[in-house]
Structures are given as C-alpha cells and as structure tokens.
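The values are calculated or read from the model by the stated rules, or taken from the named source; none is laboratory data. Because the structure is a prediction, the values reported are computed rather than measured. All Cβ positions, even for glycine, are placed from backbone atoms using ideal geometry, and neighbour counts span all protein chains on display. Note: areas computed on protein heavy atoms with side chains; ligands, DNA, RNA excluded. Shrake-Rupley method; radii C 1.70, N 1.55, O 1.52, S 1.80 Å.
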Amino acid sequence: GVLAYYNLLCTNQRYQLYLQSNLCQHIGDWLAYIASLLAMERLLPGSSTAISGLVAMRMIPNILFASLGGVIADSFDRRMAMITLDFIGAFVVLFYLVALYVESASMLFAVSFARGTIAALYEPITRSIVPQLLPDEQDLQRSVVLSGIAWSSMLISGGVVAGYVGAYLGIEACYILDSFSYCVSALLMWNVWGKFNVAAGEAPIEKELENVGFSICETTTTIFSLFLLFKPILKFLFKMLELVKYVWVCSFGILLVMKSSGSFTWGAADVVNVSFTQVEGDEKASSERLGLLYSSVGLGCLLGPLVANYFTDIKEPETLQLACILALALMVVGWFGIALVGSFHWICFFTSVRSFGSAIIWINSTLLLQKLVPKKILGRVLGLDFGFAMTCETIAAFIAGLLEDAKYTNRDISLSACVAGAILTLFWIINHEMERGVANKSNIESSDNEEEYEVTIT
C-alpha cells in the first residue's frame, strides 16, 4: 500500500536522492522539448515536416547511441557516468539560445540532436542503476511506479510551466531553466554514495582475445601492440557480441519489442499535438494550449501506472505482460476518441486516455526486463530496448508529418494510429495465447539463474 512507498522513500536515502535527480531531469526534458516545438513553429510556421524533423532529431540519437549508453552502463561506474552527462547537458542546452538569437532552424535541429544524444546515453545508465540501489524485487516494482509518477508529475507541471514561461517570459527562459535542472541533477547524484561499476573484476581485453583463440606470443607482439590502439572499440564490440548472443538464446526476447509496439502507436502524437494547439497569429495562446495538452498527457501517465499497480505483481510477470496488452487496447480507444471529437477539451480528455495506456506499457515493459535480465548485461539490454522503441516512434512521427503536409487531416492521422494500434494489439494477444514472452512460466524460470548465463557466454 501507500505505507510501503512511504517507507521506501524514508529508509533508502540513496534512492531518494536518485529520484530527486530524476525529477530534475524530467522537468528539464519537458521544458526543453515544448520550448523547441514552439521555437520551430516560430522559425518555420505551419511546417509539419519541420515539426516531425525536430521529433526525429530528438529520437534518432536514441537509435544510434542508446546501445553505446548500455555499454557505458556495463563498463563504468554508473553514478559517475550520470554526473558527467548531466554537466555536459547543462553546457549543450545553452546553444539553443544561440540558435534562437541567429534565428537558425538548422542550428535548432543540431542542438536538439546533441541534447538527444546525451539523453540516449543517459537512459540505459539511469535505468540499470536502480536494481543496484534496490535489490529487493518488491522495492524494485515500487521504484518503477514511483519513477513513472515522477515522470508524469513533471510532465503535468513541466507542460504548464513551459507553456506559461514561454508565453510570458519567452522561450529562452525555458532553456535556461533546463540547463539549471541538469546542474541540480548532477549535484544530487554526487551525494549518492557507493560504487556502481558492475564491470569490476572483469577479465582484461587481452584475456578475452585469448579466449576466442588469439594467442599472444613474441612474433605477434608488434601486431598486438597496434591492435590494442583500438582497445576501446574492441571492448565495445565484445560487449555488443555478448548482448547479441544473450538476446538470441534467452527465452523472452520478444519482450524487446513490447515497448516498440507502444512507441509506434503513440509516435504520431507530437506532430498532431502541435496542430491541435495552434492559434493562428497568437503565439501566446498557442503556448498555453500546448502546455495544457502536454499536461493532459502527464495526467494520463500519472494515473495509468497507479491503477495498473493494483492488478500486477512482479512475482507474477505474466500480469505485467497482460497489463501491457490491455494498455495497447486502451491507446486504440484514445486515438479513436481523438479522431471523433472536435472540442479542444475533449481532445485533452482522450489524450489522457491514450497516455494512460502508453505509461503502463513503458513502465511494465521496463520492469519485466529489470526482473529477468542479469545485472551485468542489463544496461545493454535496456539500451537496445530503448533504441528499438525510439526507432519506431521516429518512424511514426515522420510518417505523421508527411501525411499532414500532404493535406491529410488530424482526424485521418489519428485514425491511422488507431488502426496501427489495433493490429499490434492483435499481434500481442496472439503471442500471449501462444505462451510467448512470460506467458509461459518455464521462460521465467530459465532466466532466474544468472550463473547459468555466465556459463553460456564463455
């Protein structure tokens, strides 16, 4: 109950600091993102392709670099990696101000890509550190719910704050606040004590080469010395080969596309949201409406995990998979409602319904992987999962932008998203009935022994 969540926050100071750091990250993310949508509308008014391009600049780094973030998480101290990325992010965000000053859409794209790269590296690191902070499974489930509440609460407040700050203080103020939030996040993580390097004690790359048949002798010393110039690349390749082998042999690999299914279904949202909130010739009113619509997203994301938590149990992973499937169906209902109604208030309501489902999918698909995957490879698996999800969201957003510029209405795009969601829901229902993923309890049991995995990769 509520008391268990209260006890978790009161008794685990390290997790408390981590959660506060997450709050700073999330409100900064939404300040920057909503400000960027408003800035792009100012620089290239009426261009849906430009909006979808901006969404792509935010998502593509996740496709390219999330796996690298997973390797960093499994190779270095996760806490120090988070602090380093926070300080880099605080500096990079300031270049948004330069882009606005010179009125350059190209520079806005570039800075969005750079910020997206930092977020892509950060995501698998921040997710994989949680099981180290909370070894107890029940606490782990509670932490995922709390993280969802933190994310959605910051979206509610961040949407309102970004909308009104953009309207009354200017878009530039949103970016300054984002930079400040990065700094506060880094300082909070600095106070989290302990070592979070899961690679400690690993065999050096030289030993790994010998294990795959590369014998070091005097005749190969020179070649090997040159070879070691590429040691970081080699280490990355070995980590990725280890990941590929694990995903190939594990019995629940299909779960890596659960989040992607949700991402493809909600991917069009950012493009149509901008269109829904535009008031021609009134940037102030547009800012306020966009902030309110994203706050509606946050409200749905807040309620979804709280309700789902009463019907799911981490000790029964099948319940988490079922919750994700039902959440996909709920997203279909949300899109169908958005397509039918015309009032902005009803659009906000059905947006909350859609995001109710999207938050359940995001949180429970992550929780499934955190439970099933060994800690030493968790960062890479979460990075791969995140990369797949962002790829699907980018594709959906880009298609939505092209459709809107081709004069298709928001109703047409919403119905298309509804149909896509319905197909994916049917796909997952069939897979669940065929006992794939964690519907088959033997798949869960085969993942419980981490030592068994150690043997399979040597």
Under the Karplus relation with 6.51, -1.76 and 1.60 and θ = phi - 60°, whole-Hz ³J(HN,Hα) for the stretch 397-402, x at Gly and Pro, equal 5, 5, 4, 4, x, 5
Cα-Cα longer than 23 Å, checked against Lys195/Lys259; Lys239/Lys375; Lys195/Lys375; Lys245/Lys315; Lys195/Lys376, kept in input order, equals Lys195/Lys259; Lys245/Lys315
Burial-style ranking of 163-169, 40-46, average other-beta-carbon count within 10 Å with highest first, yields 163-169, 40-46
Computed over the chain: longest principal axis from alpha-carbon atoms vs helix 171-190 long axis, angle to nearest 10 degrees, is 30 degrees
Between [x] 36, 27, 22; [y] 47, 23, 22; [z] 42, 29, 24, the structure-derived semi-axes √(5λ) of the Cα gyration tensor in Å is [x]
Contact order relative to length for the chain, counting C-alpha pairs under 8 Å separated by 6 or more residues, stands in percent at 26 percent
Output ordering of 173-181, 124-132 (per-residue mean of other Cβ within 10 Å, highest first) is 124-132, 173-181
Scalar couplings 3J(HN,Hα) for the stretch 418-424 by Karplus 6.51 cos²θ - 1.76 cosθ + 1.60 (θ = phi - 60°), nearest whole Hz, x for Gly and Pro, are 4, 5, 4, x, 5, 4, 5
Order by accessible surface, 1.4 Å probe, largest leading, for residues Met59, Met107 comes to Met107, Met59
Dividing the helical contributions, -39500 (n - 2.57) per DSSP H run of n ≥ 4, by the residues of the chain yields a 222 nm value, nearest 500 deg cm²/dmol, of -27500 deg cm²/dmol
Expected sort for 134-144, 77-87, 186-196, 266-276 on mean C-beta neighbours within 10 Å, highest first, is 266-276, 77-87, 134-144, 186-196
The correct ranking of Arg380, Arg58 by accessible area at 1.4 Å, largest first, is Arg58, Arg380
Between the Cα axis of helix 13-43 and the main Cα principal axis of the chain, the angle (0 to 90°, nearest 10) is 50 degrees
SASA check, Lys371, accessible area w/ 1.4 Å probe, all protein chains in place, rounded to nearest 10 Å², comes out at 40 Å²
Relative to the chain, whose Cα atoms define the longest principal axis, helix 317-340 and its Cα axis are tilted in degrees, nearest 10, by 20 degrees
